[in-house]
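Handing you this structure, nothing more for now.
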Amino acid sequence: MSTSVSVSAKVAVIIGASQDRRKFGNKAVRAFSQRGYRVIPIHPHAAEVEGLPAYKKVEDVPIAVDVALVYVPPEVGMGLLEGLAAKNIPEVWFNPGAESPALVERAVSLGLRPIVACSIIGIGELPDNY
C-alpha cells in the first residue's frame, strides 16, 4: 500500500479562469482537471467555467486550497495578494504575464511562496494540447 498523497486530493484555484477556450486561464482549468486536481475557477462575473462552479474571489471558496494559479495582470494580482495570504495557500503560481518584481516581492512579504513559471508545464502538460 502506498503512503503517498494522491494528486487528486489537491485543490487548485484558478484566478483569471476564462470561458474562452483559447485563453490560458481556460487551458489551466482543463489541464489541471485532466491531472486529477479539484479545480475551482475564480472569475468576478462568471457563474461557471467549463461546467465547474466559479467563485468571485478566493476568499469565497469554502474549503482549504493547496495551490493558486494566477492568470491576471500584475496590477490586478497585487490587489489579490492579501486574500491569498489570508487563505493560507501554500503555493502560488504567477504564470507568464501575471508576474512583476513588485508583485513577487509583495507576495514574499505576506508569507506566500510564489512560483514564477507556467503552471500547466509545471504539471507536465503542454498548453497547446488544450
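Taken together, the values in this text are just the output of simple stated rules run on the coordinates, not laboratory data. Nothing here was measured: the structure is a model prediction, and the numbers come from that model. Glycine gets a Cβ as well: all are built from the backbone with ideal geometry, and neighbour counts include every protein chain shown.
With +1 assigned to the C-beta of every Lys and Arg and -1 to the C-beta of every Asp and Glu, and no other charges, what is the dipole magnitude of the chain about the Cα centre in debye, to the nearest 20?
220 debye
Using +1 at the Cβ of each Lys and Arg and -1 at the Cβ of each Asp and Glu in the chain, identify which of 74, 14, 100 lies farthest towards the dipole's positive end.
Checking the options against the dipole of the chain, the answer is 14.
I've got another one for you. When the chain is modelled as a GNM with alpha-carbon springs shorter than 10 Å, which of 119, 109, 100 fluctuates the most?
109
With viscosity set to 0.692 mPa s and temperature to 37 °C, compute the Stokes-Einstein D of the chain, Rh being the Kirkwood radius across alpha carbon pairs; µm²/s, no decimals.
225 µm²/s
Another question, then. Quick one: 3J(HN,Hα) in Hz for the range 79-92, Karplus 6.51/-1.76/1.60 with θ = phi - 60°, rounded, Gly and Pro as x.
Running phi through 6.51 cos²θ - 1.76 cosθ + 1.60 with θ = phi - 60° gives x, 9, 4, 5, x, 5, 5, 5, 7, 6, 7, x, 9, 10 Hz.
Additional query: Would you calculate, for the chain, the mean residue ellipticity at 222 nm contributed by helices, counting each DSSP H stretch of 4 or more residues as -39,500 (n - 2.57) and dividing by all residues, to the nearest 500?
-6500 deg cm²/dmol
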